[in-house]
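Colleague: Sharing a structure below in structure tokens format, with a few things to ask.
The values are calculated or read from the model by the stated rules, or taken from the named source; none is laboratory data. In this text, all values refer to a predicted model and were calculated from it rather than measured experimentally. When we count neighbours, we look across all protein chains shown, and the Cβ atoms used for this are built from the backbone with ideal geometry, even at glycine.
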């Protein structure tokens with residue numbers, strides 16, 4: 001240890017006092033506020049990222065048109081598979097419960113890999129399972145299945161739809177070429193609201 | 001350790017802090033969950049405007065990249081109350097900061113070479129190189145030209161990066177990515193007040209229009225008085241104010257940032273200036289003279305075009321102009337007798353360079369990547385000027401034009417689904433010393449779904465800078481145009497495993513060899529200081545990191561770095577090279593992520609000084625409390641740094657008489673931010 005001593009001076013003393021006062025101010029003001037209020041002060045309810053993602057998935061089902069061959073009957077259900085995030089799968093299941101899109105009910109299945117992908121119309125691949133996307137795409141070939149990913153910006157492996165959180169807001173991108181290959185019709189409404197699709201940025 | 005703990009308990013304020021923190025842990029995690037409303041009823045047009053409280057996630061980029069990467073996000077900056085760039089870097093595994101009250105210096109993996117002006121770390125802003133040509137320096141303190149409010153994320157890549165980036169990418173490459181206009185969708189202003197009369201204000205406006213045009217303008221200003229009185233025992237005599245430097249720690253910094261992008265085109269203007277007084281009487285200046293001051297100004301203008309075509313080709317082209325100017329006033333006492341003879345010596349740098357680069361990437365079969373690129377830079381001004389002002393005497397006025405250029409290739413091959421091979425090489429040519437070739441090879445292998453192993457090999461270089469080559473005043477120093485670049489050769493092994501979706505553990509071990517070090521020496525023949533290539537240093541170390549996201553509602557990270565350096569000539573470890581660095585970070589959210597408390601603890605072990613003594617190890621604690629949307633649009637945060645007011649020191653550099661420099665005691669900062677839409 002060094003034998004250097006210091007002469008702090010009155011400015012530091014004052015700063016210390018101020019620091020202490022500030023801390024108690026926080027204790028007095030912030031803590032009781034948090035304990036007492038059970039909702040956000042502004043009255044604006046908090047929405048979680050996955051609630052919004054679930055809403056997006058529902059809207060994709062609504063604004064994407066599958067070829068009629070994808071459904072055995074006119075009122076056959078739309079099946080959505082979720083890989084790698086059971087919490088989200090359950091949340092999505094609760095949100096779409098009892099809802100129909102053009103007379104079709106919606107079914108959510110939690111898939112375990114290697115899963116049966118043949119009976120789903122849409123598959124949500126969670127961020128933790130992103131590595132599986134390549135295998136999934138190979139397995140699906142060009143069958144009419146809408147892949148939805150939540151891949152970060154700058155990474156290549158994405159589904160036809162990709163959800164991104166940016167600045168605290170959930171945005172989505174569309175890979176139009178892949179959608180065409182899968183014979184999926186994407187409504188102009190989705191195309192208009194999608195963020196531009198940019199290619200892989202390997203370096204910067 | 002036990003002793004340290006006891007001292008903490010004694011500290012009443014410390015206890016209060018702990019109570020505050022522990023309380024925050026028990027708060028309901030998401031109070032707003034019980035709000036029953038049908039989210040599917042929200043029209044699609046509204047969904048992308050809805051602000052969400054994000055569950056934090058691991059970065060995918062980090063685990064896939066063929067390197068050891070840390071990513072710091074805007075959320076981390078808010079959670080832990082980081083005030084400056086060096087606050088962020090010192091909280092990153094394996095890194096440490098040295099501050100001499102003039103500049104902040106980044107140390108990495110045991111290397112904290114004093115007086116290197118951060119020239120062995122490459123700092124990029126949106127991919128634009130910020131290291132200048134005269135000193136090769138990058139700014140990591142209050143001179144960094146982007147305010148913390150404006151940072152979207154920072155990618156910190158450890159290890160050599162010259163195979164892609166060329167010079168300065170020696171120990172690490174740090175890319176700072178500012179937020180984009182659409183994130184603000186209107187205006188944002190913030191005001192801060194901190195210890196020692198430090199005030200900062202920022203104002204930002206950002207928007208993305210339906211036409212695709214996206215704009216962002218941001219300015220900030222910091223005025224900090226610093227310590228009004230600082231005591232230096234080395235100067236404790238009546239002639240030098242009994243060792244007390246008064247009002248000599250001031251810092252005034254301003255920044256401006258503009259980003260305009262349309263489709264694939266983007267233009268960025270970055271400006272940063274800082275005026276700093278330093279109380280240390282460094283470089284042999286007169287003690288306690290407020291006229292000793294340095295102003296550094298850096299700016300650049302960057303035009304970038306990026307485009308993907310035919311689905312599998314990606315083109316990036318950029319051209320830029322950069323400037324770095326420095327205006328130093330150094331007050332020297334030239335007297336030989338009793339009466340002081342104070343002279344203002346001006347040390348001035350004017351430098352400008354421009355250049356361009358192009359990069360083409362081809363993606364084959366959706367998984368292999370081939371990249372080729374070229375870079376060119378012309379430094380058309382590097383004016384080094386030194387003169388005495390009062391009785392005019394010119395010591396140095398040189399101006400040299402230099403050019404450097406490079407080509408590079410990189411390939412990433414997905415050999416199998418779970419094996420990625422990455423190889424790259426870059427050739428740089430400088431008209432000062434000639435050519436250098438730097439390769440890098442990496443294998444990323446995932447034997448199981450949640451386990452990844454990486455083996456890395458890489459070389460890097462640091463080109464001698466203008467200062468080392470050409471600074472020749474023939475009073476204190478002389479140039480050496482025959483300098484060669486410094487080289488480093490590295491091998492690293494990384495293991496990463498996900499214990500669950502929320503818990504990640506990673507470890508790495510590395511070995512570095514630095515050759516042809518550029519060191520400062522005194523020529524006994526003429527008594528002049530010059531630089532030469534001499535010496536080899538070996539370093540090895542290991543890092544261990546445990547990171548949790550949303551574990552019992554808490555985010556956190558625990559890390560430990562063990563590092564050791566040995567210089568072959570002196571057979572001793574390097575100066576300013578800590579053996580151990582340990583860190584703990586914990587963030588407890590409350591109100592469903594709208595607020596929270598962040599706790600940060602850091603230990604840096606003792607370090608050798610230039611005087612062959614040691615500064616003691618230190619253990620620091622910071623806390624930060626955050627409350628977002630306190631009122632509509634209003635965010636509040638308050639932080640306390642060095643909570644227990646530990647007294648600790650950093651080693652001094654060659655320009656200091658002091659062998660060790662005492663660091664800041666307890667400090668606080670309160671920050672208010674307000675966002676609003678402009679219609």
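Colleague: Tally the residues that are at the interface with another protein chain (Cβ under 9 Å from one of its Cβ atoms) and under 30 Å from residue B:570 (Cα atoms), restricting the search to segment B:595-616.
Modeller: Total satisfying the criteria: 6.
Colleague: Scan segment B:566-580 and tell me whether some residue there is assigned to a strand (DSSP E or B), touching a strand residue (DSSP E or B) at 6+ places or on another chain (Cβ under 8 Å) and touching a residue at least 60 places away in the same chain (Cβ under 8 Å).
Modeller: No, that holds for no residue.
Colleague: Of the residues that sit in segment A:139-154 and are within 13 Å of chain B (Cβ to nearest Cβ) and over 20 Å from residue A:82 (Cβ atoms), which one is modelled with the lowest pLDDT?
Modeller: The qualifying residue modelled with the lowest pLDDT is A:154.
Each row is one residue, and each column tells you yes or no for (1) surrounded by fewer than 19 Cβ atoms within 10 Å (Cβ to Cβ); (2) more than 13 Å from chain A (Cβ to nearest Cβ); (3) out of contact with any strand residue (DSSP E or B) (no Cβ under 6 Å at 6 or more places or on another chain); (4) not in a strand (DSSP E or B).
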| site | (1), (2), (3), (4) |
| --- | --- |
| B:339 | yes, yes, yes, yes |
| B:378 | yes, yes, no, no |
| B:391 | yes, yes, yes, yes |
| B:409 | yes, no, no, no |
| B:424 | no, no, no, no |
| B:428 | no, yes, no, no |
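Colleague: From the set of residues in segment B:341-365 that are touching a residue at least 24 places away in the same chain (Cβ under 8 Å) and within 14 Å of another protein chain (Cβ to nearest Cβ), which is nearest to residue B:135 (Cα to Cα)?
Modeller: Among those residues, the one meeting the criterion is B:357.
Colleague: Anything in segment B:411-422 that is surrounded by 15 or more Cβ atoms within 10 Å (Cβ to Cβ) and facing chain A (nearest Cβ under 10 Å)? List them, or say none.
Modeller: B:412, B:414, B:418
Colleague: Which one of the conditions (1) over 17 Å from residue B:114 (Cβ atoms); (2) more than 10 Å from chain A (Cβ to nearest Cβ); (3) at pLDDT below 95 does residue B:627 fail to meet, given that it meets all the rest?
Modeller: All conditions pass for residue B:627, except number (2).
Colleague: From the set of residues in segment A:156-169 that are out of contact with any helix residue (DSSP H, G or I) (no Cβ under 6 Å at 6 or more places or on another chain) and in a loop (DSSP other than H, G, I, E, B), which is surrounded by the fewest Cβ atoms within 10 Å (Cβ to Cβ)?
Modeller: Checked segment A:156-169; the qualifying residue surrounded by the fewest Cβ atoms within 10 Å (Cβ to Cβ) is A:168.
Colleague: Where residues in segment B:432-448 are more than 25 Å from residue B:466 (Cα to Cα) and buried (at least 19 other Cβ atoms within 10 Å of the Cβ), which of them is nearest to the other protein chains (Cβ to nearest Cβ)?
Modeller: Here the residue is B:446.
Colleague: If I go through segment B:267-276 residue by residue, how many of them are touching a residue at least 40 places away in the same chain (Cβ under 8 Å) and either surrounded by fewer than 21 Cβ atoms within 10 Å (Cβ to Cβ) or within 14 Å of another protein chain (Cβ to nearest Cβ) (or both)?
Modeller: Within segment B:267-276, residues that are touching a residue at least 40 places away in the same chain (Cβ under 8 Å) and either surrounded by fewer than 21 Cβ atoms within 10 Å (Cβ to Cβ) or within 14 Å of another protein chain (Cβ to nearest Cβ) (or both) number 2.
Colleague: To continue, here is another question. For a quick check of your reading: which strands (runs of 3 or more DSSP E) sit entirely within segment B:180-244 and have at least 2 residues that are closer than 16 Å to residue B:152 by Cβ and facing another protein chain (nearest Cβ under 10 Å)?
Modeller: Passing ranges, in order: B:198-208.
Colleague: Say whether the condition of being surrounded by 18 or more Cβ atoms within 10 Å (Cβ to Cβ) and either more than 7 Å from chain A (Cβ to nearest Cβ) or modelled with pLDDT under 50 (or both) is met by at least one residue in segment B:32-53.
Modeller: yes
Colleague: Counting only residues that are within 20 Å of residue B:117 (Cβ to Cβ) and surrounded by fewer than 21 Cβ atoms within 10 Å (Cβ to Cβ), which one in segment B:635-658 is nearest to the other protein chains (Cβ to nearest Cβ)?
Modeller: So, considering only residues that are within 20 Å of residue B:117 (Cβ to Cβ) and surrounded by fewer than 21 Cβ atoms within 10 Å (Cβ to Cβ), the one nearest to the other protein chains (Cβ to nearest Cβ) is B:657.
Colleague: Kindly indicate whether any position in segment B:138-152 is part of a strand (DSSP E or B) and within 17 Å of residue B:82 (Cβ to Cβ).
Modeller: So far as segment B:138-152 goes, yes, one or more of its residues are part of a strand (DSSP E or B) and within 17 Å of residue B:82 (Cβ to Cβ).
Colleague: Follow-up question, since we're still on this one. Report yes if residue A:172 is more than 13 Å from chain B (Cβ to nearest Cβ), in a strand (DSSP E or B), crowded, with 16+ Cβ neighbours inside 10 Å and at pLDDT 85 or above, otherwise no.
Modeller: No, not satisfied.
Colleague: Does residue B:614 satisfy the criteria of being within 30 Å of residue B:533 (Cα to Cα) and without any contact (Cβ under 8 Å) to a residue 24 or more places away in the chain?
Modeller: For residue B:614, the condition - within 30 Å of residue B:533 (Cα to Cα) and without any contact (Cβ under 8 Å) to a residue 24 or more places away in the chain - is met.
Colleague: Here's another thing I want to ask about it. Residues B:519, B:505: which one is free of Cβ contacts under 8 Å to residues at least 24 places away in the same chain and either within 14 Å of chain A (Cβ to nearest Cβ) or part of a strand (DSSP E or B) (or both)?
Modeller: Criteria check complete, one pass: B:519.
Colleague: Now for a separate question. Where residues in segment A:175-192 are surrounded by fewer than 19 Cβ atoms within 10 Å (Cβ to Cβ) and in a loop (DSSP other than H, G, I, E, B), which of them is nearest to the other protein chains (Cβ to nearest Cβ)?
Modeller: If we take residues in segment A:175-192 being surrounded by fewer than 19 Cβ atoms within 10 Å (Cβ to Cβ) and in a loop (DSSP other than H, G, I, E, B), then A:187 is nearest to the other protein chains (Cβ to nearest Cβ).
Colleague: Here's a follow-up. Any idea how many residues of segment B:98-115 are in a loop (DSSP other than H, G, I, E, B) and over 17 Å from residue B:294 (Cα atoms)?
Modeller: Residues flagged as in a loop (DSSP other than H, G, I, E, B) and over 17 Å from residue B:294 (Cα atoms) within segment B:98-115 amount to 5.
Here's the yes/no breakdown for (1) in contact with a helix residue (DSSP H, G or I) (Cβ under 8 Å, 6 or more places away or on another chain); (2) at pLDDT 95 or above:
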{"residue": "B:75", "(1), (2)": "no, no"}
{"residue": "B:82", "(1), (2)": "yes, yes"}
{"residue": "B:100", "(1), (2)": "yes, no"}
{"residue": "B:122", "(1), (2)": "yes, yes"}
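Colleague: Here is a further query. So is residue B:490 surrounded by 16 or more Cβ atoms within 10 Å (Cβ to Cβ) and touching a residue at least 24 places away in the same chain (Cβ under 8 Å) or not?
Modeller: yes
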